[in-house]
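First up is the structure itself, then whatever we jot down about it.
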Amino acid sequence: MSRYEVRFTAINPHDVAPDVAERLGEILATLPGVEFGSGGYLDGPRTVVGAFDIGVEQAMAEAARDGSRLAKEALSMAGMPDSKLVELVVRLVENSD
């Protein structure tokens, strides 16, 4: 199993609520499939940034696929279902092979 850090940036079509970054951080900390949620923050009135770690059996392609799905799920749960991922960074943190 390898651990990857996933960082993402999403843009919402409308201004987001001031507490959306806090909600996103709470969601990432408890979302099934996420090993470690390192929170979220606002980067403008419509832009949110988040990060988390996940474990995958295969390689980076699996981490990118699962990471983007988890990011979109977290954004929807935080009240941003129409947001678009505009950046996704996947980085190997630990390889146990």
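Readers should treat all values here as calculations from the given coordinates under stated rules, not as data from a laboratory. Bear in mind the structure is a predicted one, so any value in this text is a computation, not a measurement. Backbone-built Cβ (ideal geometry, glycine too); neighbour counts: all protein chains shown.
Data table
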quantity: Sum of side-chain charges, residue 12 neighbourhood, beta-carbon under 9 Å (Lys, Arg +1; Asp, Glu -1); calculated: 0
quantity: Where a label projected 7 Å from the Cα of residue 86 along Cα→Cβ would reach, residues of the range 1-35 with amide N under 14 Å; calculated: 8-16
quantity: Between the range 56-75 and the range 14-34, the alpha-carbon center distance in angstrom; calculated: 17 Å
quantity: Spin-label proximity, residue 95 to the range 52-73 - amide N less than 13 Å from point 7 Å beyond Cα toward beta carbon; calculated: 58-61
quantity: Fluctuation leader among 67, 79, 25 - the chain, Gaussian network, Cα springs under 10 angstrom; calculated: 79
quantity: Percentage of interatomic Cα-Cα distances in the range 14-95 larger than 23 Å; calculated: 17 percent
